[in-house]
1. Go through (1) exposed (fewer than 13 other Cβ atoms within 10 Å of the Cβ); (2) in contact with a strand residue (DSSP E or B) (Cβ under 9 Å, 6 or more places away or on another chain); (3) assigned to a loop (DSSP other than H, G, I, E, B) and name the single condition residue 46 misses.
2. Out of (1) surrounded by 14 or more Cβ atoms within 10 Å (Cβ to Cβ); (2) over 16 Å from the mean Cα position of the chain (by Cα); (3) modelled with pLDDT of 95 or more; (4) not in a helix (DSSP H, G or I), what's the single condition that is false for residue 35?
3. Counting just the residues of the range 140-149 that are farther than 10 Å from residue 105 by Cα and modelled with pLDDT of 95 or more, which one comes out surrounded by the most Cβ atoms within 10 Å (Cβ to Cβ)?
4. Given the criteria assigned to a helix (DSSP H, G or I), on the phi < 0 side of the Ramachandran plot and surrounded by fewer than 16 Cβ atoms within 10 Å (Cβ to Cβ), does residue 67 qualify?
5. Looking at (1) at negative phi; (2) out of contact with any helix residue (DSSP H, G or I) (no Cβ under 7 Å at 6 or more places or on another chain); (3) surrounded by 16 or more Cβ atoms within 10 Å (Cβ to Cβ), which one does residue 24 not meet, given that it meets all the others?
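The values are calculated or read from the model by the stated rules, or taken from the named source; none is laboratory data. These numbers come from a predicted model, not from an experiment. Cβ coordinates were reconstructed from backbone atoms using ideal geometry, including for glycine residues, and neighbour counts include every protein chain displayed.
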């Protein structure tokens, strides 16, 4: 029973996170991270992306707490060319699994499809997200979010101007 309650809480947390990103609530999304929080997107089609070390492999995104803040601030600026006009984003989070529950931390995975509509074009990013969540009050905070994309190249997307 406790495992089902935990899974339900984790799912709701991930759905809430997706909603923040879909609605461009970057300050609120930013606040989900712990002081030592990290956000990673490993290289495409890289074997072992789930555990790859960003100090040894060139990641597409390798953000610590400071660069997460900078990324979200930059995305919200009116002169942010890459997102002017802002994309319409939709995160679909499925197949949520609790991989490990170790007291104050919970390791989680979920399938992820992120749709980005902009200037008449819809781009799709698909993959698996891995989280290390830290219990915080009745909820969680993100210590690490790692999105391992299944896309084998970023075409027609060309870049990752959004947060997955």
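1. Every condition holds for residue 46 apart from (1).
2. Condition (1) is where residue 35 drops out.
3. The selected residue is 145.
4. Here the answer is yes, as residue 67 does meet what is asked.
5. If we test residue 24 against (1) at negative phi; (2) out of contact with any helix residue (DSSP H, G or I) (no Cβ under 7 Å at 6 or more places or on another chain); (3) surrounded by 16 or more Cβ atoms within 10 Å (Cβ to Cβ), just (1) comes out false.
Residues are listed down the side, and each one gets a yes or a no for (1) more than 15 Å from residue 17 (Cβ to Cβ); (2) surrounded by 12 or more Cβ atoms within 10 Å (Cβ to Cβ); (3) at pLDDT 95 or above:
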| position | (1), (2), (3) |
| --- | --- |
| 61 | yes, yes, no |
| 94 | no, no, yes |
| 110 | no, yes, yes |
| 130 | no, yes, yes |
